[in-house]
Amino acid sequence: MHLPRSPRRRTAAWAAAALTAAAVLTGPAPAFAQPAADAGPVTAKVDSAVLDTVEHGKESTFFVVLKPRADLSAAEGRRTHADKAKSAFTALREKAESSQAPLQAFLDRKRVGYQSYWIANALKVTGDEKLVTALAERSDVKSIRKERTYLLDTIEQNPVTDAAADADPAAAEWGVKDIKADQVWSHYDDRGEGIVIANVDSGVQYDHPALVGNYRGNLGDGTFSHDYNWYDPTGQCTGGVPCDNNGHGTHTMGTMVGAGGVGVAPGAKWIAAKGCESRSCSDSSLLAAGQWILAPTDHNGQNPKPEMAPDIVNNSWGGGDTTFYQDIVEAWNAAGIFEAFAAGNDGDGTTCSTAHAPGAQAPSYGVGAYDVNGRIADFSGFGPSLVDGSAKPNISAPGVNVRSTWPGNTYKALNGTSMATPHVAGAAALLWSAAPSLIGKIDETRAILNDGAVDVDDTHCGGTADMNNVWGEGKLDILASVDAAPRSAATVTGTVTDRATGRPVSGATVKAQAGTAKRSVTTAADGTYKLNLTAGTYTLAVSGYGYASATEDGFIVTTGEKVTKNLALDAVPAHAVSGTVLDVTGKPLKGATVRFTDAPLAAVTSDSDGAFRFPSVAEGSFSLTATPAAPVLCNGVLTTTVAVDGDETVRAALPNRTDAAGNSCAPATYNWVSGRTKVALSGDENVRTVPLPFPVTFYGVKYTDASVTTNGLVNFLEPRLGDYANTALPGATKPNGIVAAFWDDLTVDAKASVKTATNGTAGARTFAIVWENVAFASDTSQRVTFEALFDEATGAITLQYQSIGTASPETGAKATIGIENQAGTDALQYSFNESVLTDKSAVRISSKATS
């Protein structure tokens, strides 16, 4: 129970919230599949950590969790994994949009920024005691909980020699053998083909020799497409390319799908979401990663495609007894995504109830760890769960001295339930590949894994020999589970060859579809493939770069049948594809990277005339992208389809760059507006709030006043001092909700001023905020004059630069130019610390509705 530490008077709602704070930390959250909750009491449960922060006059970052929950029963009733994921995504997003609208309007009126999450129906907010009190009084708010971080679930590296740890594996690792995965390979010729696995972890070295071959983004011949295959909400990796700044994620991925004997299911494909900044994982990143797992997006975080969701997701992280992540587990399960969670490393070999959430939550499939001698690891977390009293772990797997892939093309041996959990995820891939009728059926899959496990009789923490709180259902035995599975699958194998030469075609995609059910695999280097299909009538389609696609309807397979189906493809001619990259003004653009995202061709770079050329591109229809080099300014990324049936010439005109909200930017005609009314703003660090002559809509919120700072900022949320150190946009730290006209450490001295002016008639007015002759704090001999214009009719914001000069920092070498939303999660940044500004220039930022 939280008791106030000061005698300040509190509202009844605040007192009630304080008294119920502990409940949000220990009580189970309702499943997402339940009907929307009734309004209930008008006070929410408030995390004591939030109270402890705000009662001392400080701000806290917290999540406001709403009561309404999406009904996911329709998703659970869908037949295929893709249909389940689409249905769950639609239900979750629609419920979040409708139920969050009143709360968002309330926060907008309070000038509080927020980040919305649909998978947990929650908003991330930063605020003070007054805001927490107001939120706790709302009938639609279920709880208010502190932003937390969780540790990646690993203990110290096992003391093996460096040479042994780093050596390339020559045979199956002990854990792979112990769960009998290698016997599934040999008995069933099953290595997880046709299944996609993901992890939420610290990232993955995607080009590790043991992982690069089955990365879903690998197009062959050394080219990659990371759209829908990689996501980094932490911002730790650069250029949209997968990375791992810890090693943990690369290790767990290797245990799932690594080649050379380290991986349980080396035939499965993998994708990844970096939900952990490095050694720890924040709620914000985990929620964003959880959403992406259910509905992967492109590299901009846009255009979600739930049909590309993975089949299985591994989570080797955790800590504490929070119930927050349960919403994501429920959503994944409804979408037909099998999840595995580490039970935690806080055990001591004896004490009970040492497993932690999310692996200790009832809806999660928690995994304990044992060693090569079959003894439970002394660190492995035991049940029963402190969260909800459920029996945990669910199952146990090898987790001591587990060698797997490591960044730098090496290998390491580690201990932890982190190392045990990917054995289970990989085993699920073997099971689903062998018995595709189980794909998306979570309860049935768990039951078969449980039944196949080897019982271990240790009931000192409760339970039975069959299921206890030390081992769960026992030691994972995937051979027994596959043996017991409803193997209604027909096995289709064959080789894809070039019809004219007979040579094998590697990297070709073989797809089988019956209704909405789809399975696909990629041919190996020798052109071979294998598909496990349930009985039915399929359409077979095979495609590969450099060949004409081929389709065969009416391909019938029966239960248990073994079919050989060799396929031949006809090679197609190749032609030159050339063109010119143009910037948003129509001028040739040098240094742009041009590539085909779905063809194994090396990227090319546009020359000084904007020209590029691919000398040989096979006939077909391909997606071409042109990406500008830094500074990108207002140049967006062009994506266009090129149909190649002869020599082609492409006019690659780049679009205007946009942010997620649809705001776009473009160079504009310079038309200076002089300031008339002086703002009482002076000094090195100062701010004043000015009234706006008409409402200004900024990221969907209307404002009637704004704060202007000496440092070239317009802040719509709050007057704020001390923001002299500019940052890149977007950024979670304040200031947020800003227009950065020229954000630098500036001073308004006796030679400078800040003025405003309103021109035009009602409905067509322009409001100007003008910084005249302001000096740099580091050198007052250098000065700049610039302004921000707000257009009443169109909602556009124009940034103009009258007197810039040619020296740094006058040209923007230490400044930020652009706009950022109220939560610091979306922005349209024109430049950051780049010398790109010139005298008498202008940039226009248009909203989606008026651009």
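Of note:
- A Cβ-based charge dipole, computed about the Cα centre of the range 664-846 with Lys and Arg at +1 and Asp and Glu at -1, lands at about 460 debye.
- Positive-end residue of VAL470, ALA425, THR559, charge dipole of the range 409-568 with Cβ unit charges: THR559
- Peptides ranked, highest mean first, by Cβ atoms within 10 Å: ranges 676-689, 190-203, 747-760, 229-242: 190-203, 229-242, 747-760, 676-689
- Only the Cβ atoms of Lys and Arg (+1) and of Asp and Glu (-1) were treated as charged; on that basis the dipole of the chain about its Cα centre amounts to roughly 2140 debye.
- Centre-to-centre separation between the Cα atoms of the range 118-138 and those of the range 214-240: 35 Å.
- Both radii were evaluated on the Cα set of the range 489-569; the Rg over Rh quotient, with Rh as the Kirkwood radius, amounts to 0.96.
- Helical contribution to [θ] at 222 nm, DSSP H n ≥ 4, -39,500 (n - 2.57), averaged over the chain, rounded to 500: -5000 deg cm²/dmol
- Start at zero, step by 10 Å, and the Cα-Cα distances of the range 664-846 spread as 10, 43, 39, 8, 0 percent across the bins.
- Convex hull volume of the range 459-596 per residue (C-alpha atoms, cubic angstrom): 260 Å³
- Diffusion coefficient (Stokes-Einstein, Kirkwood radius over C-alpha pairs, 20 °C, 1.002 mPa s) for the range 446-526: 130 µm²/s, rounded to a whole number.
- Applying a DSSP loop filter and a limit of 16 other Cβ atoms within 10 Å to the trypsin sites (Lys or Arg not before Pro) in the range 417-513 leaves ARG499.
- Whole-angstrom gap from the range 298-370 to the range 590-655, using each part's C-alpha centre: 40 Å
- Trypsin sites (Lys or Arg not before Pro) within the range 267-327, DSSP loop, no more than 16 other Cβ atoms inside 10 Å: ARG279
- Global dimensions of the range 162-484 from alpha-carbon coordinates: Rg and Dmax equal 17.6, 55 Å.
- Compactness of the chain is given as radius of gyration and Dmax, 29.2, 89 Å, from Cα positions.
- With a Förster radius of 41 Å applied to the C-beta separation of GLU94 and ASP221, the computed FRET efficiency comes to 0.45.
- Estimated dipole of the range 162-484 in Debye, rounded to 20 [Cβ of Lys and Arg +1, of Asp and Glu -1, Cα centre]: 340 debye
Read-outs: derived from the displayed coordinates by stated rules, not from any lab. Note that this is a predicted model, so its numbers are computed, not measured. Neighbour counts run over all protein chains shown; Cβ positions are idealised from the backbone, glycine included.
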